[in-house]
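Heads up: the structure comes next, in structure tokens.
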Amino acid sequence: MNAPAPEPGPAPHRLSPASTSPFSQRSFRFQWPSDLAVSWAFEMETLLLAWFVLVETGSVIWLTGFGALQFVGTLISPLYGVAGDRLGQRRVLSAMRAAYVAQACCIAALALTGQLSVVAVFIIAFGMGLVRPSDIGVRNALIAATMPAPLLAKAIGIERVSMDAARVVGALTGAGIVAMLGMGQAYVVVALLYLVSLALTFGIREPSSEASAIAPASLLAIWQELGAGIAYARRTPALMAALFLACLANFAAYPLTGGLLPHVAREVYRVDQAGLGTLFACFSGGAVLGSLLVSLRGVGPQPARVMLASAALWFGFLLVFARVDNVAIGMALLMVTGFLQSLCMVPMSVLLLRITATAFRGRIMGLRMLAIYGLPVGLLLTGFGIAHLGFAATATIFAGFGLLATLAIAWHWRTALWRMPAA
């Protein structure tokens with residue numbers, strides 16, 4: 001059966017030569033530094049709390065449990081999409097970032113008074129997990145709403161560059177600040193970054209949604225709108241393929257180079273917190289290079305092919321990473337895998353936004369964020385696997401499964417993806 005043609009998006013914008021940069025758009029000049037600040041704070045926060053949990057408990061299972069709690073909100077990510085489509089993406093993003101400020105202030109206060117405990121970290125991590133997973137989806141939908149269509153790929157590429165660069169800076173500065181100033185002062189810096197991000201968000205303008213009145217909605221209407229978004233995705237094979245691949249990457253790839261890195265640093269490579277920061281920075285540095293390449297060259301007329309090929313190579317290099325116990329080689333492999341994950345994820349975001357009708361963008365990006373639920377499931381399973389089989393065997397199983405599943409996705413949706421006409 002031939003894939004249905006995607007619904008048309010907004011009419012293409014004609015740009016003057018002076019307007020070929022996303023920064024020519026006022027809203028992007030506010031959103032970019034806002035997203036940069038919040039990404040920086042995310043990385044500092046994750047590193048600080050993960051190391052705290054690992055040191056206090058000494059257990060990889062507790063560590064993976066903490067990582068899983070940060071993503072419980074992926075189950076309600078589609079509802080953030082519904083809210084964004086109804087109320088405007090900027091309003092939703094502002095409310096989310098106000099919540100970040102509140103939770104960071106709570107942790108800073110507990111740390112400064114010496115009351116911070118693993119139980120408190122888990123409780124606050126659960127609260128963070130209800131909101132944070134949807135941030136990327138809402139911000140991408142907001143870019144699509146405020147950016148002329150010819151600049152969308154560049155804007156998404158720049159956004160990803162800034163997010164990956166913030167991971168490098170956040171990992172290094174997070175480790176450095178906590179070593180020099182302590183946990184409490186480090187969290188004050190995190191709270192200030194969230195506050196700056198919130199303030200900049202108010203400068204973004206979203207005319208199409210904010211110019212219209214906000215209609216009240218019943219609970220039934222909200223679920224009906226969510227159901228309409230799911231039905232739209234189901235009848236668009238390219239969307240289903242991208243969503244399945246996103247879930248696979250979160251389940252089988254990101255746990256190995258994200259939530260488990262504190263365990264790898266301490267138990268496999270035998271390095272300290274500064275070494276952990278360097279490992280995070282290597283992965284994120286490779287991701288910066290990949291995102292920078294996309295922002296400069298674009299994703300071409302066939303983003304689906306770039307996405308699939310990069311995913312297969314990504315899992316292939318993770319198979320090698322699983323068997324390496326030398327820290328220098330591990331850092332090099334982390335940089336390569338970071339590069340490849342950008343070449344997979346940025347084209348995926350461009351593909352989703354490019355073929356989705358404007359009225360469904362928030363809901364489709366919410367479903368995209370729902371795919372992140374694969375990450376906490378993967379973290380919990382890898383945690384138990386490492387406890388019984390060790391890191392090398394567990395990582396090999398997950399990376400091998402990811403590679404086989406990627407090939408299966410490419411084959412099953414080959415008509416919709418590999419042979420997709422140039423958009």
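Condition first: surrounded by fewer than 22 Cβ atoms within 10 Å (Cβ to Cβ), in a helix (DSSP H, G or I), modelled with pLDDT under 80 and not small (Gly, Ala, Ser). Can you find one or more residues in the range 297-310 that meet it?
Within the range 297-310, one or more residues are surrounded by fewer than 22 Cβ atoms within 10 Å (Cβ to Cβ), in a helix (DSSP H, G or I), modelled with pLDDT under 80 and not small (Gly, Ala, Ser).
What about Phe321, is it under 22 Å from Gly290 (Cα atoms), free of Cβ contacts under 8 Å to residues at least 24 places away in the same chain and among the aromatic types (Phe, Trp, Tyr)?
no
Can you tell me which of (1) more than 19 Å from the chain's Cα centre (by Cα); (2) surrounded by fewer than 19 Cβ atoms within 10 Å (Cβ to Cβ); (3) among the aliphatic types (A, V, I, L, M) is the one Leu293 doesn't meet?
So Leu293 meets the others, but not (1).
For residues that are crowded, with 20+ Cβ neighbours inside 10 Å, farther than 19 Å from Met369 by Cβ and among the hydrophobic types (A, V, I, L, M, F, W, C), tally how many sit in the range 125-164.
Residues that pass the stated criteria total 5.
If you take the residues in the range 259-274 that are at pLDDT 80 or above and assigned to a helix (DSSP H, G or I), which one is farthest from Leu54 (Cα to Cα)?
So, considering only residues that are at pLDDT 80 or above and assigned to a helix (DSSP H, G or I), the one farthest from Leu54 (Cα to Cα) is Val268.
Out of all the residues in the range 378-404, which are of a type in the set (S, T, N, Q) and more than 11 Å from Leu318 (Cα to Cα)?
Of everything in the range 378-404, those that are of a type in the set (S, T, N, Q) and more than 11 Å from Leu318 (Cα to Cα) turn out to be Thr382, Thr394.
Hey, can you tell me all the residues within the range 319-336 that are of a type in the set (A, V, I, L, M) and loosely packed, with under 12 Cβ neighbours inside 10 Å?
Hit for the range 319-336 is Ala328, nothing else.
Answer yes if at least one residue in the range 50-57 is aliphatic (A, V, I, L, M) and either modelled with pLDDT of 85 or more or within 22 Å of Asp164 (Cα to Cα) (or both), and no otherwise.
yes
Given the structure, is Ala37 more than 30 Å from Leu381 (Cα to Cα) and either at pLDDT 90 or above or small (Gly, Ala, Ser) (or both)?
Considered against the rule, which asks whether it is more than 30 Å from Leu381 (Cα to Cα) and either at pLDDT 90 or above or small (Gly, Ala, Ser) (or both), Ala37 comes out as yes.
Using the structure shown, decide if Leu407 is in contact with a helix residue (DSSP H, G or I) (Cβ under 9 Å, 6 or more places away or on another chain), assigned to a helix (DSSP H, G or I) and buried (at least 22 other Cβ atoms within 10 Å of the Cβ).
Against the criterion (in contact with a helix residue (DSSP H, G or I) (Cβ under 9 Å, 6 or more places away or on another chain), assigned to a helix (DSSP H, G or I) and buried (at least 22 other Cβ atoms within 10 Å of the Cβ)), Leu407 does not qualify.
Being closer than 23 Å to Val268 by Cα and in contact (Cβ under 8 Å) with a residue 24 or more places away in the chain, is that true of even one residue in the range 368-376?
yes
Hey, can you tell me all the residues within the range 177-224 that are at pLDDT below 70 and not aliphatic (A, V, I, L, M)?
Of everything in the range 177-224, those that are at pLDDT below 70 and not aliphatic (A, V, I, L, M) turn out to be Pro207, Ser208, Ser209, Glu210, Ser212, Pro216, Ser218.
Of the numbered conditions (1) within 18 Å of the chain's Cα centre (by Cα); (2) closer than 25 Å to Gln70 by Cβ; (3) modelled with pLDDT of 90 or more, Val346 fails exactly one; give the number of that condition.
Among (1) within 18 Å of the chain's Cα centre (by Cα); (2) closer than 25 Å to Gln70 by Cβ; (3) modelled with pLDDT of 90 or more, the lone unmet condition for Val346 is (3).
Restricting to the range 47-74, what's the tally of residues that are in contact (Cβ under 8 Å) with a residue 60 or more places away in the chain and surrounded by fewer than 21 Cβ atoms within 10 Å (Cβ to Cβ)?
6
The values are calculated or read from the model by the stated rules, or taken from the named source; none is laboratory data. This structure is a prediction, so every number in the text was calculated from the model and none was measured. In this analysis, Cβ positions are derived from the backbone assuming ideal geometry, glycine residues included, and neighbour counts consider all displayed protein chains.
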